[in-house]
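Undergrad: The structure under discussion is supplied below as structure tokens; questions concerning it will follow.
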Amino acid sequence: MTRKIIYLFATSFLFITITSAQKLMGFTDANAAKQIAWEKQFDAQLSAQNLDTWMKFMSSHPHHVGSPHDKANAEYMSGLFKQWGYQTEISTYYVLFPTPKTRVLELLGTKPYKAKLEEPSLPEDKTSGQKSEQLPTYNAYSADGDVTAELVFVNRGVPADYEELEKLGVSVKGKIVIAKYGGSWRGIKPKVAYEHGAIGCIIYSDPADDGYTQGDVYPEGAFRPKAGAQRGSVLDMPVSPGDPLTPNIAATKDAKRLARSEAKTIMKIPVLPISYEDALPLLQSLDGQVAPPSWRGTLPITYHVGPGKEKVHLKLEFNWDVKPIYNVIAVLTGSEFPHQWIIRGNHHDAWVNGAEDPLSGMVAEMEEARSIGELAKKGYKPKRTIIYCAWDGEEQGLLGSTEWAEDNREELKKKTVIYINSDGNGRGFIGAAGSHSLEPFFNEVIDDVKDPQTGVTVKERRYAKDLLDADKAKRAKLLGDKNIKLEALGAGSDWSPFLQHMGIASIHLGYGGEDPAGVYHSVYDSYDHYTKFGDPGFAYGIALAKTAGRFTMRIANADVLPLDINSFYKTIAGYTSEVKTLLDDSRSETEVQNKLINDKMFAVANDPIKKLVIPKPKETVPFLNFSAFENSLAQLKQNSEELQKLYKEATNLPAQTQTQLNEILYKAERSLTQPDGLPRRPWYKHQVYAPGFYTGYGVKTLPSIREAIEQRNWKEAQESIDVAAKTINAYNGEVQQALNLLKKTF
Ligand SMILES: [Zn+2]
């Protein structure tokens, strides 16, 4: 025992003598030391018990928009934020929120079946029996409708699936389609079905994706039981999120509202989500050709494309009510730069009890806010203003964050330095997506947080995982580079109004990958499920609070904002070569395909019994002119490399110059927006990041160029390349200004 103690002393002495002070991006050495000391206290104050207590209360009843517990949760959080020293208010908006009045789905004919559309309560899950308070399984913003038609299976229901159907000679015109969840955001499925002439859409969860094929089902395991169904919105969010009756303006009580028939983002056909128990008889009734191998799920049937001999009847009616939503906004005013805002948000509304989605992220944010509040009482003074937000109505289409952003747009554009988002969280690996100027700073932060299960940093753990998951080529690349790449942000949570509408640098943070997620948007996303399978002991809730807390506090207190323009340059240069390759590949594929058609290869090779349709030749792909865009990128390369060298000295700038530099740095992201937005969706102003028009969640980088090429709209592709050149030139202007400031001093 004694010997061990001596050994410990010896090593800790050694440690002290050989380590030099830790450096932080954008801090002087002296300020970094102070910051790190505060962060130690911040960590020490975090308590997993708080996360448990708050989640238990907030998930104790269904808390969707319009429910009593949604309002109760907002008031509960507001009370806590006030107690922690924040100036807190509840900001209320009034949004269109449809709830089901009638839901009928039946298979007619010789083997009739009436869908149950019901998630049974489980004795092992205490809140699953709160029947009178639960929203039934449905898709919000589906159209009302009463349709009877033949059924066609369309795989995931994305555009590529309809190309396949065309080859098979199957049309969905006048039919009802049935699509599997996954492969795109759910709202894409009815939109694409409608564009192809379908009159109804059913979406089901195949057991291959989150049911028994993945593992034991709830309550034995975590995965989706046979009667579990995924609720969710089908608002046309790639066009614009937010209240469909008040696009672009705040949904205040007396706002000028569109008539429902004028709203562009409400689906045109009835849509209903169902369980795999209800899907089985429908799929079983289909005739026609056997579905292509990649379309088949793991139900015990041969999957056919259809149509079936028997018709399906789908009847849906909704209450189209306007309901209040309650955002909680909690402010800690900055001591030196009160007009520079760090905004940190997570939504608080759920489809039902929503323990994982969204409360696992919400309670981590609350604990983070509590700990910063405690520090402030002990003398910690954030230089910039920190604003904690709990959004309502996220599930229906980012309603709370979008309406608040539209209400405060001009002020937010002027003052917001960064938006930091989280949503569901669980056991596993750090995941992040965001503006690429934040990538080096993100790497610094995750190198400072320890993984609760292994004790290495969360960066090391993620890196090890990436290495193991990578294919041969990617692994070779990763071996020389420990930098964790930020993903780009598409749609999916509350960053959209900040990043994509207003051009505010944003990041989304969360842990996961070891938290089986088979109860998403069902009554089984409960406290009982989460504490057993999601993050037992809330260790990763604490890890999230440490990660997002460091993000918030370091940006609030940095001498020079930790934004790296060169990192943005490298990323956009990569996207540019991607879209050029996309164009070249499209050209050579078109040439080959047209030759195969002309040489009658399809006619000879196709199985004559199957009566497959021979594709038509396509227009050849032209060459497009990227030179203006590439010239602007070359200029950006030069500027951003120069700025990166001078940035290291920027903490020595005189205070006033530093303030000017910071303002240029955080406003630079705004210049990546264009006032007219993207083609056919003016709400989306950012020219580098947007949700895909036909993928939804899936991001499209350089969206207008990429989508025009994908949709073979060559004129628009060329116009979009020219807009991109103009955008990068504007961004270059900002970088040049920053350079001028630095050069004047050094
Ligand atoms: Zn969520």
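Undergrad: Limited to the range 365-381, what total is found for residues that are open to solvent by less than 10 Å² (accessible area, probe 1.4 Å) and more than 18 Å from the chain's Cα centre (by Cα)? Before the answer, list the steps.
TA: So the first thing to find is which residues in the range 365-381 are open to solvent by less than 10 Å² (accessible area, probe 1.4 Å), and the list is 365-369, 371-373, 375, 380.
From what's left, more than 18 Å from the chain's Cα centre (by Cα): 366-369, 371-373, 375, 380.
Selection size over the range 365-381: 9.
Undergrad: Sticking with this structure for a sec: Being open to solvent by 20 Å² or more (accessible area, probe 1.4 Å) and of a type in the set (A, V, I, L, M, F, W, C) is the filter here, so list the residues in the range 552-610 that pass it.
TA: The answer is Ala573, Leu582, Val592, Leu596, Ile597, Met601, Phe602, Ala603, Val604, Ala605, Ile609.
Undergrad: Name the residues in the range 437-474 that are among the charged types (D, E, K, R) and closer than 22 Å to Glu514 by Cα, would you?
TA: Within the range 437-474, Asp447, Asp448, Lys450, Asp451, Lys459, Glu460, Arg461, Arg462, Lys465, Asp466, Asp469, Asp471 qualify.
Undergrad: Determine which single condition Glu374 fails, assuming it passes every other condition in (1) in contact with a strand residue (DSSP E or B) (Cβ under 6 Å, 6 or more places away or on another chain); (2) under 27 Å from Ala32 (Cβ atoms).
TA: (1)
Undergrad: Just checking, how many residues over the range 185-198 are in contact with a helix residue (DSSP H, G or I) (Cβ under 9 Å, 6 or more places away or on another chain) and either among the aromatic types (Phe, Trp, Tyr) or open to solvent by 20 Å² or more (accessible area, probe 1.4 Å) (or both)?
TA: The total comes to 2.
Undergrad: Please work out if Glu411 is farther than 27 Å from Gln674 by Cβ, at pLDDT 95 or above and of a type in the set (Asp, Glu). Let's see the steps before the verdict.
TA: Values: farther than 27 Å from Gln674 by Cβ: no; at pLDDT 95 or above: yes; of a type in the set (Asp, Glu): yes.
No.
Undergrad: Mind listing whichever residues of the range 341-364 are more than 16 Å from the ligand (Cβ to nearest atom) and open to solvent by less than 10 Å² (accessible area, probe 1.4 Å)?
TA: Passing the criteria: Ile342, Ile343.
Undergrad: Give the residue that is farthest from the chain's Cα centre (by Cα), with candidates limited to residues of the range 442-497 that are within 16 Å of the ligand (Cβ to nearest atom) and part of a helix (DSSP H, G or I).
TA: Pro497
Undergrad: Go through the range 395-410 and report how many residues are within 16 Å of the ligand (Cβ to nearest atom) and either open to solvent by less than 10 Å² (accessible area, probe 1.4 Å) or among the β-branched types (Val, Ile, Thr) (or both).
TA: The qualifying residues number 7.
Undergrad: Okay, next question. Going through Ala369, Ala330 one at a time, which residue ends up being of a type in the set (Gly, Ala, Ser), more than 16 Å from the ligand (Cβ to nearest atom) and in contact with a helix residue (DSSP H, G or I) (Cβ under 6 Å, 6 or more places away or on another chain)?
TA: On the way: Ala369 fails: in contact with a helix residue (DSSP H, G or I) (Cβ under 6 Å, 6 or more places away or on another chain).
Of Ala369, Ala330, the one residue that is of a type in the set (Gly, Ala, Ser), more than 16 Å from the ligand (Cβ to nearest atom) and in contact with a helix residue (DSSP H, G or I) (Cβ under 6 Å, 6 or more places away or on another chain) is Ala330.
Undergrad: Which one is nearest to the chain's Cα centre (by Cα) among residues in the range 382-394 that are charged (D, E, K, R) and away from the ligand (no atom under 16 Å from the Cβ)? Break it down stepwise before answering.
TA: The initial filter retains those residues of the range 382-394 that are charged (D, E, K, R), namely 383-384, 392, 394.
Those left that are additionally away from the ligand (no atom under 16 Å from the Cβ): 383-384.
On the way: Lys383: 30, Arg384: 27 Å.
Looking at residues that are charged (D, E, K, R) and away from the ligand (no atom under 16 Å from the Cβ), I get Arg384.
Undergrad: If you go through the range 256-277, how many residues are buried (at least 17 other Cβ atoms within 10 Å of the Cβ) and either out of contact with any strand residue (DSSP E or B) (no Cβ under 7 Å at 6 or more places or on another chain) or not in a helix (DSSP H, G or I) (or both)? Outline the logic, then answer.
TA: Start the filter on the range 256-277 by keeping residues that are buried (at least 17 other Cβ atoms within 10 Å of the Cβ), which leaves 257, 263, 265-267, 269-277.
Retained after the next criterion (residues that are either out of contact with any strand residue (DSSP E or B) (no Cβ under 7 Å at 6 or more places or on another chain) or not in a helix (DSSP H, G or I) (or both)): 257, 263, 265-267, 269-275, 277.
Matching residues across the range 256-277 total 13.
Undergrad: Here is a further query. So which helices (runs of 4 or more DSSP H) stay within the range 509-628 end to end and still have 3 or more residues that are aliphatic (A, V, I, L, M), within 30 Å of Lys450 (Cβ to Cβ) and at pLDDT 95 or above?
TA: Values: elements: 539-557, 565-598, 601-605.
Per the criteria, 539-557.
Undergrad: Looking at Ser59, Ser67, Ser47, Ser91, which one is closer than 30 Å to Leu332 by Cα, open to solvent by 30 Å² or more (accessible area, probe 1.4 Å), hydroxyl-bearing (Ser, Thr, Tyr) and at pLDDT 95 or above?
TA: The match here is Ser47.
Undergrad: Could you run through the range 706-745 and say how many residues are modelled with pLDDT under 95 and open to solvent by less than 10 Å² (accessible area, probe 1.4 Å)?
TA: So the answer is 1.
Undergrad: Here are some residues: Gly434, Gly424. Which one is under 30 Å from Thr265 (Cα atoms), open to solvent by 10 Å² or more (accessible area, probe 1.4 Å) and of a type outside the set (D, E, K, R)?
TA: Gly424
Undergrad: Then there is this: Given the conditions (1) touching a strand residue (DSSP E or B) at 6+ places or on another chain (Cβ under 9 Å); (2) under 30 Å from Arg370 (Cα atoms); (3) open to solvent by 30 Å² or more (accessible area, probe 1.4 Å), report the number of the one that Gln83 does not fulfil.
TA: (1)
The values are calculated or read from the model by the stated rules, or taken from the named source; none is laboratory data. Values in this document were obtained by computation on a predicted structure and should not be read as measured data. So basically every Cβ, Gly included, is an ideal-geometry build from the backbone, and we count neighbours across all protein chains shown. What goes into the accessible areas is simple: the full protein's heavy atoms, side chains included, and nothing from ligands, DNA or RNA. Shrake-Rupley method; radii C 1.70, N 1.55, O 1.52, S 1.80 Å.
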